[in-house]
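Okay, so here's the structure we're looking at.
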Amino acid sequence: MSYAQKLDDVALLLDELEGLEPAIGNNGAPLEIALSQIEEDPGQPRRNFDQAGLEELSASIRERGLLQPIGVTKKQVNGKHRIVFGARRFRAANLARLTTIKAIIQAGQADDPYDQMVENIQRDDLSATEIAAFIEARLRVGEKQKDIARRLAKSKGFVAMHASIGQMPQMLRDKLSASPLRAVYELYQLWKRDAARVEEFCAQHETFTRRQAEAFVERASAKPSHNDDSLPAASLIFRGEPSLPQPTEDEVKLGAAGLPEGEPFPTAPRKSASDVIVRVRHEQRGGRLILGRASKRGSHFGIVAFDDHGEEAQVSLAELALVEIRIHEPL
């Protein structure tokens, strides 16, 4: 018997003694803990476990053993450890009829709801609806989207897209099982303006890719270039008012200051869109929002010229963070 195996046997023996906690484990060393002494977390964000996948993992565990330990809390009031991460491995170990499982006792906050969430997201083990349920729960208790994004180590756009799932119509939520969230989110933005076209698209497509959804939204949102309504609201601010008919020279009476009577002194000319610089950030990229051109994808999108490669992209305004607005003064 190896020295490491002897240490595991001693740790298991100590763990089985009432009221005693093994001296190792809190420092990251895995222990062998009886499955009967472990319980799943009722707040576990993952709700759906693929049975076929569990059977495959169970067969692998029987053949090769558990390659990666699970994480558990110290013993709770009921005398059991609670799973922090590794619920899928725990279930597969039960299917494999193991009596013990390798586990690491996690120090710190045992009830931090983000522990399992971050671990599952990193492993890509959660569906979009499961992530959305977690985010909605955090929003209900008063957390801000930016704080949720920081604790999940994700962008604010990631959180915003998942938070929108609860407002989507059922036909779009049904597509999330087979189509990527970003594709469904693109259709949701169009649905708010043109529900009939999105419903028709969904009826014709069981599944679709992000590229297919974006192409459809672009076609559906396209407007004639001469239509002023297609310009984004930001550009209208800087276009100025239409010029009024000017009086003829005979109709103008000059005042004492040499100006037409009733006219104020001249003021500085209004800045045009080209004089205004709007700096934005999308995920980890900085860029400039182009105000003088309309996005073909509709009024909820803007054209961003990114700094890194000079690339232009049409980005949802909901995913942009405003960094700075300044006036460009010509030399």
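Less than 5 angstrom separates the built amide H of Val323 from those of Arg279, Val280, Arg281, all sequence-distant by 5 or more or on a different chain. For the stretch 47-150, the square roots a ≥ b ≥ c of the C-alpha gyration tensor eigenvalues yield an a/c of 1.5 or more together with a/b not exceeding b/c, which makes the shape oblate.
Sequence-ordered 3J(HN,Hα) estimates for the stretch 49-56 from the Karplus curve with 6.51, -1.76 and 1.60 and θ = phi - 60° stand at 10, 5, 5, 5, x, 5, 5, 5 Hz, glycine and proline given as x.
In sequence order, the stretch 164-176 has phi-based couplings of 6, 4, x, 9, 6, x, 4, 4, 7, 4, 5, 7, 5 Hz under the Karplus curve 6.51 cos²θ - 1.76 cosθ + 1.60, θ = phi - 60°, and Gly or Pro positions carry x. Between the stretch 133-157 and the stretch 85-105, how many Å separate their Cα centres? Here the two parts' Cα centres lie 30 Å apart. Label positions at Glu40 and Glu312, each projected 7 Å from the Cα along the C-beta direction, are separated by 5.2 nm.
With both labels modelled 7 Å from their Cα along Cα-to-Cβ, the Ser177 to Ala195 distance reads 2.4 nm.
Between Glu63 and Thr209, the contour length at 0.36 nm per residue exceeds the Cα-Cα span by 48.8 nm. Evaluating 6.51 cos²θ - 1.76 cosθ + 1.60 at θ = phi - 60° for every residue in the stretch 292-299, the Karplus couplings come out as x, 10, 8, 6, 5, 8, x, 6 Hz, glycine and proline recorded as x.
Mind running the shape call on the stretch 273-327? Use the C-alpha gyration tensor, a ≥ b ≥ c as the square roots of the eigenvalues: rounded below 1.5 for a/c, prolate if a/b tops b/c, oblate otherwise.
rounded
Amide H to amide H, with H built 1.01 Å from N, Lys74 comes under 5 Å of Gln106, counting only residues 5 or more places away or on other chains.
A simple count of charges around Ile61, restricted to other residues whose Cβ falls under 13 Å of its Cβ and scoring Lys, Arg +1 and Asp, Glu -1, yields +4. Evaluate E = 1/(1 + (r/R0)^6) for Arg219 and Asn48, where r is the Cβ-Cβ distance and R0 equals 30 Å; express this FRET efficiency to the nearest 0.05. Efficiency computed from Cβ-Cβ geometry: 0.30. Exposure proxy shown here: for Ile325, Ile165, Ile131, the number of other Cβ atoms within 10 Å sets the order, fewest to most, as Ile325, Ile165, Ile131. Taking amide hydrogens as placed 1.01 Å from N in the peptide plane, the amide H of Phe301 sits under 5 Å from those of Leu317, each at least 5 positions away in sequence or on another chain. This ranking places His300, His282 by how few other beta-carbon atoms lie within 10 Å of each, fewest first, which gives His300, His282. Distance from a point 7 Å along Cα→Cβ of Asp112 to each backbone N in the stretch 276-299: keep the residues under 19 Å and list them by number. Counting only backbone N, you get no residues. Ranked by how many other Cβ atoms sit within 10 Å of their own Cβ, fewest first, the residues Phe201, Phe49 fall in the order Phe49, Phe201.
Length gained on full extension, Arg326 to Lys144: 62.7 nm, using 0.36 nm per residue less the C-alpha separation.
Readers should treat all values here as calculations from the given coordinates under stated rules, not as data from a laboratory. All values reported here derive from a predicted model rather than from experimental measurement. With ideal geometry, Cβ positions are generated from the backbone for all residues, glycine too; neighbour counts draw on all protein chains shown.
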